1. Out of (1) closer than 27 Å to Thr30 by Cβ; (2) without any contact (Cβ under 8 Å) to a residue 24 or more places away in the chain, the odd one out for Val111 is which?
2. Counting just the residues of segment 166-205 that are in contact with a Pro (Cβ under 8 Å, 6 or more places away or on another chain) and part of a loop (DSSP other than H, G, I, E, B), which one comes out modelled with the lowest pLDDT?
3. Take the residues in segment 128-154 that are part of a loop (DSSP other than H, G, I, E, B) and in contact with a helix residue (DSSP H, G or I) (Cβ under 6 Å, 6 or more places away or on another chain), then tell me which one is surrounded by the most Cβ atoms within 10 Å (Cβ to Cβ).
4. Among what's in segment 42-77 and is within 12 Å of the chain's Cα centre (by Cα), among the small types (Gly, Ala, Ser) and over 25 Å from Pro209 (Cα atoms), pick the residue that is surrounded by the fewest Cβ atoms within 10 Å (Cβ to Cβ).
5. Given the condition closer than 21 Å to Thr179 by Cα, over 12 Å from the mean Cα position of the chain (by Cα) and surrounded by 15 or more Cβ atoms within 10 Å (Cβ to Cβ), answer yes or no: does some residue in segment 95-113 qualify?
6. Would you check if Ser86 is over 16 Å from the mean Cα position of the chain (by Cα) and within 25 Å of Lys141 (Cα to Cα)?
7. For a quick check of your reading of the model, give me the residue pairs whose first member lies in segment 172-185 and is within 15 Å of Glu121 (Cα to Cα), whose second is modelled with pLDDT under 95 and of a type in the set (Val, Ile, Thr), with beta-carbon atoms closer than 8 Å and at least 6 apart or on different chains.
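The values are calculated or read from the model by the stated rules, or taken from the named source; none is laboratory data. Please read all numbers here as calculations on a predicted model, not as lab measurements. Here the Cβ positions follow ideal geometry from the backbone for every residue, glycine too, while neighbour counts run over all protein chains shown.
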Amino acid sequence: MAISSNKQPDRAAQHVVPHAHRVLPAQRRTLKGHNPAVLWFTGLSGSGKSTVANEVETLLNHRGVHTYLLDGDNLRTGLNRDLGFSSPDRRENIRRVGEVARLFADSGLVVLAALISPFREDRQAVRQRLEGVAYAEIYIKCPQEECEKRDPKGLHQKARAGDIPQFTGISSPYEPPETPELTLDTQTDTPQALAQAVINWLEQNSVIPHPRRGT
C-alpha cells in the first residue's frame, strides 16, 4: 500500500543524535580530485531526462569523475517501490531521492538525478536541503506532443485511455522550473550537445577542472 508524506515522523527520531565523521568531506574531495555536485534533471515523461543524464555521466566517466546516476524509474523498483503516484507519494519520492543525493554528494560524488519531479515546491525543498553543495536544476524542455510521439512504451496512450491515473502532463500537472540553472531543449539539440552544456556548467562552477590544453 502506498504511504503518504503526511505521516508524522517517528517520535523515536526526536531522540536520535547524529554521529560526527572523522573523515571529512574535504578529505573525500581531495581523494577524488573534484568537487561534489547534484545535477537535478526534471521534465515530462519522454522528454529525454534519462538520455541526457546518461550522456553526461558517460562524459564525466571518461574524464575520471566519480559519479552516480539516480534514475526515477529504477528507484521505484527498489528504494521507492512502496510509493504510488498521488501528490503526497510523489513528494515523498522526491524527498527520499534528495536525501540519497545529499549523502552521495557528501561522499564526494557528482550525483545525477533524473526524475519527473513535477512540483516546484518539492524541487525547492531538495535545493534547500542541499545548501552548500553545487546544485543545478536542469529543465529538460520538450512539448507534450513531442513526448507522446517518442513514447516507446505507449504510456501516454494508456494514460489518455484512463488506464494510468495521475499521469504527469495528462491527468496530473507539471510545473516547469521558473529559474533553472540550465534549460535544455531536446527537440532542437542532440543529447550529445546538451550533455556538453552540462559539462560546461560544471567547469564554470569549479566542480570539475577544465581539461588541460593540448591533452
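1. Result: Val111 fails condition (2) only.
2. The extreme case among them is Ser171.
3. Pass one, segment 128-154, residues part of a loop (DSSP other than H, G, I, E, B): 130-133, 142-143, 151-154.
Still in the running and in contact with a helix residue (DSSP H, G or I) (Cβ under 6 Å, 6 or more places away or on another chain): 130, 133.
Details: Leu130: 21, Val133: 18.
Ranking the qualifying residues of segment 128-154, first place goes to Leu130.
4. Once the filter is applied, the top-ranked residue is Gly72.
5. Scanning segment 95-113 turns up no residue that is closer than 21 Å to Thr179 by Cα, over 12 Å from the mean Cα position of the chain (by Cα) and surrounded by 15 or more Cβ atoms within 10 Å (Cβ to Cβ).
6. Details: over 16 Å from the mean Cα position of the chain (by Cα): yes; within 25 Å of Lys141 (Cα to Cα): yes.
Taking the combined requirement at face value, the residue satisfies it.
7. Pairs found: Tyr174/Ile116; Tyr174/Thr168.
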